[in-house]
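A quick write-up on the structure given underneath.
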Amino acid sequence: MTVSLPARVGRDALTPRPLSVERGVNPHAPGSAHLKLGRTEILATVSVDDKPAPHMRGKKEGWLTAEYAMLPRATTDRQARERNLQNGRRHEIQRLLGRALRASVDLRHFRNQTLYVDCDVLVADGGTRVASVLAGYAALHDLADRLIHSGRLSEWPLTHVVGAASVGLVGDELRVDLDYAEDKVARADLNVVATDAGLLIEAQGGAEEGPITPEEYVRLLRVGVEAVGGLLRELHRQL
């Protein structure tokens with residue numbers, strides 16, 4: 001059966017969707033950001049708990065953990081609220097977010113504290129986990145800026161500028177930043193987490209419709225890292 005491949009309107013294969021971010025949107029959170037990537041929208045907040053994570057007690061640095069959730073009408077049909085913490089997809093995304101965002105922070109500045117980064121999907125149109133990485137970093141940037149300006153920290157605590165991008169093979173075309181229509185027909189896709197300096201943190205994904213060549217995988221990875229750099233330049237322009 002021939003699958004009709006979705007056409008791109010207003011951008012070429014290697015151009016991400018428009019990105020916009022506003023930080024400081026939650027008056028109760030010490031760090032927050034509202035990020036849009038195309039039609040996907042994420043609200044990210046950072047909370048600081050003056051208690052160490054159990055496995056960090058007695059150590060000389062803090063910890064960062066991330067949580068991810070999707071609102072019931074984030075998608076075209078209402079989804080039941082995610083109350084089961086053992087939900088496989090949710091757990092997998094939370095682990096990705098935690099690893100990505102810990103790579104951006106020198107946690108020695110938060111000794112005996114735990115940072116909680118909550119990423120809530122307001123609208124989903126593909127790429128929710130990569131948009132959550134970007135939103136989570138923007139919220140951490142907001143927290144760091146507030147701590148520096150208030151005098152509670154004297155040294156900038158973020159050591160790496162971290163972001164993420166999706167990349168996939170839609171038919172024989174390599175595309176960056178897949179929306180939902182593209183993601184569901186891609187024969188391979190990756191979520192790439194990297195720094196603005198082009199350093200790789202993680203790549204998650206693989207072939208969906210049969211194996212791909214090592215050369216195709218390497219190209220996906222390389223283009224994904226380049227896409228992260230472009231998204232981070234636009235993000236920092238707005239922060």
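A compact table of results
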item: Scattering curve values for the range 58-209, log₁₀ I(q)/I(0), Debye with Cα scatterers, q = 0.13, 0.14, 0.15 Å⁻¹; result: -0.66, -0.75, -0.84
item: DSSP-loop GluC sites (Glu not before Pro) across the range 77-183, with at most 16 other Cβ within 10 angstrom; result: GLU82, GLU155
item: Unit charges on C-beta of K, R, D, E only; dipole of the chain, Debye; result: 760 debye
item: Listed residues LEU174, LEU43, LEU35, most fluctuating in the chain (Gaussian network, C-alpha, under 10 Å); result: LEU174
item: Distance between the range 26-103 and the range 132-198 - C-alpha centres, whole angstrom; result: 14 Å
item: When the range 1-134 is reduced to its Cα atoms, the Kirkwood hydrodynamic radius in Å; result: 16.6 Å
item: Sequence-distant lysines (8 or more away, or on other chains) whose Cα lies within less than 26 Å of LYS59; result: LYS51
item: The range 135-206, relative contact order [Cα under 8 Å, separation at least 6], %; result: 24 percent
item: List LYS36, LYS59, ordered by accessible area with a 1.4 Å probe, largest first; result: LYS59, LYS36
item: DSSP bridge pairs, the chain: antiparallel proportion in percent, nearest 5; result: 85 percent
item: Heavy-atom accessible area order for TYR180, TYR116, TYR137, largest first, 1.4 Å probe; result: TYR180, TYR116, TYR137
item: Those aspartates and glutamates that a straight Cα-Cα span of less than 20 Å connects to LYS184, excepting residues fewer than 8 apart in one chain; result: ASP12, GLU41, ASP77, GLU92, ASP125, ASP172, GLU173, GLU208, GLU209, GLU216
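The values are calculated or read from the model by the stated rules, or taken from the named source; none is laboratory data. All values reported here derive from a predicted model rather than from experimental measurement. Cβ atoms come from the backbone with ideal geometry, glycine included; neighbour counts cover every protein chain shown. Each accessible area value is taken on the protein alone, full model and side chains, heavy atoms only, with ligands, DNA and RNA left out. Shrake-Rupley method; radii C 1.70, N 1.55, O 1.52, S 1.80 Å.
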